[in-house]
Structure formats: structure tokens, C-alpha cells
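Encoded as C-alpha cells, the structure appears first; notes follow it.
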Amino acid sequence: MTELLEVEGLCAGYGAAPVLHDVDLRLAPGTITAVLGANGAGKTTLLRTLSGLLRPSAGRIDLTGRDLIGLPVERRVMLGVAHVPEGRGVIGELTVQENLRLGGLWRKGAGARRETDAAIAEVYDLFEPLARRRGYHGHQLSGGERQMLALGRALVARPKFLLLDEPSLGLAPVVAASIMALLRTLRDASGMAVLLVEQNVHSALAIADEGVVVSLGRVVARGKAADLQADEGLRHAYLGF
């Protein structure tokens, strides 16, 4: 299968403090890849580097044949990259509808508003609670609804490649399970690739096709999600169960 994303030799950090070391990654369309590891392993730094929030010190990031190194965040969004960071980033002073519309601000020209309106309608079909609360402000939503809104805003861009950082953090188990199940539905329906950072290893591997284990900024294991979950030595050494 032709790869959607290819990462080679990626190194990144903050100032003089390196975090990622020679990371290689391959993602195919229509797949979910879970990035696993302890706190401080470099998982969030990886997502920030891929989305353009952090500039790497070395390496290559190739999305459908286009090198992303040096491209600003907004250009990566136009090429099909969407990032839902930890903490969700919902703007509390804006309504649900206004937050969703932010996901389509990059579109220009005739038909841009029509395409964004259509994408927002699709989000309301996916997240019925948001449809009922479209006039509510962000600060009036529950934690689960804010996570739906953050994910919905990313989907308004109709991405090819979705980066998700801890989508179940702070959510009730039943809400977290519904978010995870939705990711599989999106993968199957849209063919986009998902790179998922998630502390709940069982939940992540249950929906993922592939897994990557990161320790101290290096990839120490990769493979089919089921194989990683079955590897007792790997689980004890790096995944804490």
C-alpha cells in the first residue's frame, strides 16, 4: 500500500534539550497507529513536530510526496494535516458553531463557505450532542462535548492525516469508549490516517491497526497492534501492564 506519511531520521527538541532521536515512521491511508510510551517519552513532541508547531533539527517528513519541513502550520492544514492537541483547545467564548467554523478558515475563494457548511453538517451528523448545542458557548459544554467539539473542528478541514493527543484524558469511560469507536468509523469511512497518542494502552491498541512504542525519544518497538499487546516482555518493560 502506498504510504500517506513517511518520516525518516526525525530529531527535535526544545532549545538545547533534544527530545526525539532519529524517529522513523510510516502511515498508510485508512489506518490508525497508536503511539505508546511513558510520560516524557516524546509522544507529544512527535505530534507537535509533525503538525508544524515545533521545527525539527533534522530529518524528513513526507506527506503524499510533499516534504513538510519548513512549511508553516496553516500550509500543512491546507495539505491535509489536522492536529487535536491535549487539552482540546476549545475557545470557551465562542459558540459550538463558531468553533467549528474555525476548522474551515483556511479555505479561500468561491465555494469555500459552502464547503465548510457542508463539513460542519457532517460533524453534526457524527456528534448529535453538538447539533443540539450548536448555540452553546464552549465553556458551557461538558468535558466529553468539548472533546467532540475539538475533534469535530479538526474534521471540518476534511484532513488526510489526523493527529490526536490524549483524546480520552479526563473523560468518563463510556464517553472515552464512544470517542475511540468513532475513530474506527472515521478511518473506515474517510480513508484518512490517524496517529493516536493515548495513555490508555488497552483502548489505543483495541482500535489501532499498528503500534509504535517510544522510550526516551526513540522508537523501541513497532508492529501490529495485536502483536504488541500480546508481547508480555514489551508490555512490562515499556507499557506498564
### Filter result for T45 (surrounded by 17 or more Cβ atoms within 10 Å (Cβ to Cβ) and within 19 Å of S190 (Cα to Cα))
no
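Looking at the stretch 61-68, is at least one residue hydroxyl-bearing (S, T, Y), crowded, with 18+ Cβ neighbours inside 10 Å and more than 21 Å from G170 (Cα to Cα)?
Step one: filter the stretch 61-68 for residues hydroxyl-bearing (S, T, Y), giving 64.
Pick out the ones that are also crowded, with 18+ Cβ neighbours inside 10 Å and you get none.
Among the residues of the stretch 61-68, not one is hydroxyl-bearing (S, T, Y), crowded, with 18+ Cβ neighbours inside 10 Å and more than 21 Å from G170 (Cα to Cα), which makes the answer no.
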### Task
Give the stretch 8-28 a look and list any residue that's free of Cβ contacts under 8 Å to residues at least 40 places away in the same chain and touching an Asp or Glu at 6+ places or on another chain (Cβ under 6 Å), or say none.
R26
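Using the structure shown, decide if R158 is surrounded by fewer than 19 Cβ atoms within 10 Å (Cβ to Cβ) and of a type outside the set (G, A, S). Write out each step before concluding.
Numbers: surrounded by fewer than 19 Cβ atoms within 10 Å (Cβ to Cβ): yes; of a type outside the set (G, A, S): yes.
When the stated conditions are applied, R158 passes them.
Identify, from the list L5, L53, the residue that is open to solvent by less than 40 Å² (accessible area, probe 1.4 Å), under 23 Å from P159 (Cα atoms) and either hydrophobic (A, V, I, L, M, F, W, C) or modelled with pLDDT under 95 (or both).
On the way: L53 fails: open to solvent by less than 40 Å² (accessible area, probe 1.4 Å).
The unique qualifying residue is L5.
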### Query
So A176 clears everything in (1) within 30 Å of L25 (Cβ to Cβ); (2) out of contact with any helix residue (DSSP H, G or I) (no Cβ under 6 Å at 6 or more places or on another chain); (3) open to solvent by 60 Å² or more (accessible area, probe 1.4 Å); (4) not hydroxyl-bearing (S, T, Y) except one condition, right? Which one?
(3)
### Query
Can you name the residue in the stretch 69-78 that is touching a Leu at 6+ places or on another chain (Cβ under 9 Å) and free of Cβ contacts under 8 Å to residues at least 24 places away in the same chain and, of all such residues, is most open to solvent (accessible area, probe 1.4 Å)?
R75
### Summary
Expected single match for of a type outside the set (D, E), in contact (Cβ under 8 Å) with a residue 40 or more places away in the chain and within 22 Å of E86 (Cα to Cα) among T64, T49, T31 is T31
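Keeping to the stretch 102-120, report how many residues are in a helix (DSSP H, G or I) and either open to solvent by less than 50 Å² (accessible area, probe 1.4 Å) or touching a strand residue (DSSP E or B) at 6+ places or on another chain (Cβ under 7 Å) (or both). Steps first, answer last, please.
Kept after step one, since they are in a helix (DSSP H, G or I), are these residues of the stretch 102-120: 102, 112-120.
Keeping just the survivors that are either open to solvent by less than 50 Å² (accessible area, probe 1.4 Å) or touching a strand residue (DSSP E or B) at 6+ places or on another chain (Cβ under 7 Å) (or both) gives 112, 116, 118-120.
Number of matching residues: 5.
The values are calculated or read from the model by the stated rules, or taken from the named source; none is laboratory data. What you see is a predicted model, and the numbers here were worked out from it, not measured in a lab. Methodologically, a virtual Cβ is constructed for each residue, glycine included, from the backbone with ideal geometry; neighbour enumeration extends over all protein chains shown. Side chains included, ligands, DNA and RNA excluded: accessible areas come from the protein's heavy atoms. Shrake-Rupley method; radii C 1.70, N 1.55, O 1.52, S 1.80 Å.
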